[in-house]
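The values are calculated or read from the model by the stated rules, or taken from the named source; none is laboratory data. Bear in mind the structure is a predicted one, so any value in this text is a computation, not a measurement. For neighbour counting, all protein chains shown are included, and Cβ atoms are generated from backbone atoms with ideal geometry for every residue, glycine included.
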Amino acid sequence: MSTTTGPVIEVFADIWCPFAHVGLRVIEEQRARSGRSDMAIWVRAWPLELVNGAPLDAAVTREHAEELRDQVAPDLFSHLDVSRFPTSTLEVLALANRAYRMDLKVGERVSFALRDALFEEGRDISDPVTLDYLAHDLGVVMPDDTDRATVLADWDEGRRRGVLGSPHFFCGDDGVFCPSLDIAKDPVGGLSVVPDVTRLTAFLERCLARPGPV
């Protein structure tokens, strides 16, 4: 993986996590507003099917995506198709890690594109044919056993560093769970979600104050 002249935000997240999809886009937008193109986003694997002992439920994920779209992210989740919801993301996470082995910017581009393929294009990214097509389109070879091992290594490191869930952001030793959203149970059912601008801004200011890689 190449180095960067600016700070690196590490994000432990799974690709089928709708909260991570929103959080990463918010961080990307904030980076653009700050003019800090030197800041890299390193999205590391937090495989929820291993964390929870089962794959994500497609219907529950759709409910969360709809809540996020209705409350904070009207431009996202345009074509989530539960009939094509992935059965696993382990190989997809390995592909993202393969891209990060090439270069930070390549990894970021691939990581974001895989989430778009799921949430904005309605593709089953766990389908081997679909994943191979996406890899070819993104200029990345399919993952090998080394890449698959890095998914487990990320999971181990995330547990060691106290990751609470997907997405958990780090800048150096400064870590915060889902800094862009304030999520609470709605008294009448579902989730209440609002942007957490103060917490996100504070985290980014601390991170952007760092002069180089962490």
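Side notes on the structure shown:
- Number of residues in the stretch 81-100 that are surrounded by fewer than 16 Cβ atoms within 10 Å (Cβ to Cβ) and charged (D, E, K, R) equals 1.
- Spans of helices (runs of 4 or more DSSP H) in the stretch 92-166 with at least 1 residues under 21 Å from Phe12 (Cβ atoms) and touching a Gly at 6+ places or on another chain (Cβ under 8 Å): 104-119
- When residues of the stretch 39-56 are limited to those that are surrounded by 13 or more Cβ atoms within 10 Å (Cβ to Cβ) and more than 14 Å from the chain's Cα centre (by Cα), the one nearest to Arg206 (Cα to Cα): Met39
- Any hit, the stretch 51-69, residues being within 28 Å of Leu208 (Cα to Cα) and in contact (Cβ under 8 Å) with a residue 12 or more places away in the chain: yes
- Of all residues in the stretch 131-154, none satisfies being at pLDDT 95 or above, touching a Ser or Thr at 6+ places or on another chain (Cβ under 9 Å), of a type outside the set (D, E, K, R) and surrounded by fewer than 16 Cβ atoms within 10 Å (Cβ to Cβ).
- Condition broken by Glu157, with the remaining ones in (1) in contact (Cβ under 8 Å) with a residue 60 or more places away in the chain; (2) among the acidic types (Asp, Glu); (3) in contact with a strand residue (DSSP E or B) (Cβ under 7 Å, 6 or more places away or on another chain) satisfied: (3)
- Checking Arg115 against (1) among the charged types (D, E, K, R); (2) surrounded by 15 or more Cβ atoms within 10 Å (Cβ to Cβ); (3) more than 14 Å from the chain's Cα centre (by Cα), the condition it does not meet: (3)
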